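All remarks here apply to the structure that follows.
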Amino acid sequence: MPPRYRLAIDRPSLIQRLYVFLFILLPGACWYWGNGLSGEYWYLVWLAPVPTLVSPAYTDRKTSFLFAFVACLMGRLSWFVYLHTVVPPVLASLLTGALAYAFARIAVYSGVQLCTKRNWRSLFTYPVLMTAFEYLVLTCSPDGTATSMAYTQSDVLPIIQSASLAGTPGITFLVSLFPALCAFGWLAWQQRARILQAAGLALLIYGSVLGYGLLRLHAPMSSAALQAGVVVLDETKHHTDQQDSQQQMRAVLADYGRAITTVAATGAQVVLLPETAFRLTPLTDSLVMNSLRHMAKRANTRLIVGLADYSQPDAHNTAVVIDASGSLLTTYTKRHLVRGFESQFSAGRQTGLFPIDTLQAGVAICKDLDFPGTIRDYGQARTAVLFVPANDFRIDDWLHARMAILRGVENGFSVVRAARQGRLTISDSRGRVLREAKTTIGNQSQLIGTVPLSAQTTLFTRAGNWFGLLNLVVAFFIVLPYRRRTSVLRITN
């Protein structure tokens, strides 16, 4: 058992203030900036858990838990404004507190194992439990993988290539193993042999991951490609009061028609519009669909358009694909609806597929991309490119765009995304952002770029979330002895 330095609660002291900084303020700040919505400080997530993992060596378990909970609660506040925009304040507060509580329980349990045992099993406790927890969340949550720490690494290309093997749980494991290794080294600093073993293990794991990532990033790709255009008008054009009458709808259609013609003139073979770009009612249904067919024929390009379809009693959030001859190729209905915002719609159940020459293409809508299992269906269908009409909340523009891009890495296809109040992106199967623009300030935006076409089946496409399930099974065997000991102590007492 390592030396334990109890925190003197009864009087202020330099040690007490140092502990508050080291075990609360420092990790809290790292979580706040590292797990934010921009991905700018991604590296802080690798360091944030270290003080929490070593705190049981210096304080009792209850104090360590309090430190961990407050630190993570501070960190989760970086999401609170965003959560407040999508769910009621009470629910936002409960979710923030629940995630902080779960982290504190996992981190303190893992830290106790590290402090008391300092063996290989204790070293892997934290990454296994964190990965298992995130797997449970993505499996059971109605919001899918939205809260996963894996997305903080979306711009770190060598690391995110591991998603093609193990999905987001693979990234979470890598991000969680590093602080466990640091804590292990901290606690065993006098044991040179163990330090060298931990360093060797880190070199082996992260060397392999980086090696695989770099090889995948530099591997030759198919020369097949297409020119894609993305068009999103000023946000006010999409408001209901701008599309109520046929006259208003004609004006919006004319604005989009001019933008589509401009983009198509540059050689765009496909033009993507955002989610619910037009509101279909019995009064405007024929007008909109006939106009879209005419636009596609006039511009000699395929159109993919998001629609809020109220033309039938059963309303749907849909996307239509129209070819250059004006024919309707497919109609896709959004499968995962946003709670509190889309209760008026009925969810779809089918995958949206259509051909581009000899290749398979797909269409999915916004929140569908939060669910790896749903998008894996496209990978299994050998999709070469996925088109995504979307509508974001401005503050989450970077995060939601990167979530979609990571689905492409998992399944080996390019992603073209058009978001109202968000980002327009064109990315390849490695997660490289080839072109990007913003509509977060309500401006009109257009994007034109070359999209690589290569349907590459990955291990994740074949096996799904096998790595998350594996960690869940291992976590059961890690926690089970602890639960048994706790039960025996209770019976004895």
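A compact table of results
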item: Phi-based couplings in Hz for region 353-367 (Karplus 6.51, -1.76, 1.60; Gly and Pro marked x); result: 10, 7, x, 10, 6, 9, 9, 9, 10, x, 9, 9, 10, 6, 5
item: Rough spin-label spacing in nm, given labels placed 7 Å along Cα→Cβ, for VAL81 and LEU136; result: 3.2
item: Estimated inter-spin distance, ARG349 and LEU217, nm [label 7 Å along Cα→Cβ]; result: 4.3
item: R0 of 30 Å, Cβ-Cβ distance VAL473-ARG61: FRET efficiency to nearest 0.05; result: 0.70
item: On Cα atoms only, tilt of 61-76 relative to the major axis of the chain in degrees; result: 20
item: Computed E for SER327/GLU436 - FRET, C-beta separation, R0 51 angstrom, nearest 0.05; result: 0.95
item: Sequence-distant residues sharing a close amide H with SER454 (under 5 Å, placed H); result: SER414
item: Sorted peptide list for 406-412, 35-41, criterion being average Cβ within 10 angstrom, highest first; result: 406-412, 35-41
item: Cubic angstrom per residue, convex hull over Cα atoms of region 254-317; result: 70
item: Over 18 Å [Cα-Cα, region 361-452], rounded percent; result: 35
item: Segments 363-373, 320-330 sorted - mean Cβ within 10 Å per residue, highest first; result: 363-373, 320-330
item: Residue-averaged 222 nm ellipticity for the chain, from DSSP H runs of 4+ at -39500 (n - 2.57), nearest 500; result: -16000 deg cm²/dmol
item: Surface/4 of the Cα convex hull for region 180-304, nm²; result: 13.7
item: Fraction of antiparallel bridges per DSSP, the chain only, in percent to nearest 5; result: 60
item: Directionally averaged shadow of region 225-453, computed from the convex hull of its alpha-carbon atoms, nm²; result: 10.8
item: Stokes-Einstein translational diffusion, region 29-103 - Kirkwood Rh over all Cα pairs, 1.306 mPa s, 10 °C, in µm²/s; result: 123
item: Local net charge near VAL416, Cβ-Cβ under 13 Å (Lys/Arg +1, Asp/Glu -1); result: +3
item: Label-point separation in nm, ALA315 to GLN197, each point 7 Å along Cα→Cβ; result: 6.2
item: Fully extended contour minus Cα-Cα distance, from LEU94 to THR236, at 0.36 nm per residue; result: 47.8 nm
item: Percent of alpha-carbon pairs separated by more than 41 Å within the chain; result: 26
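Laboratory data are not the source of any read-out in this text; all were calculated from the coordinates shown. A quick note: this is a predicted structure, and the numbers were derived from the prediction, not measured. Please note: Cβ atoms are built from the backbone with ideal geometry, for glycine as well, and neighbour counts cover all protein chains shown.
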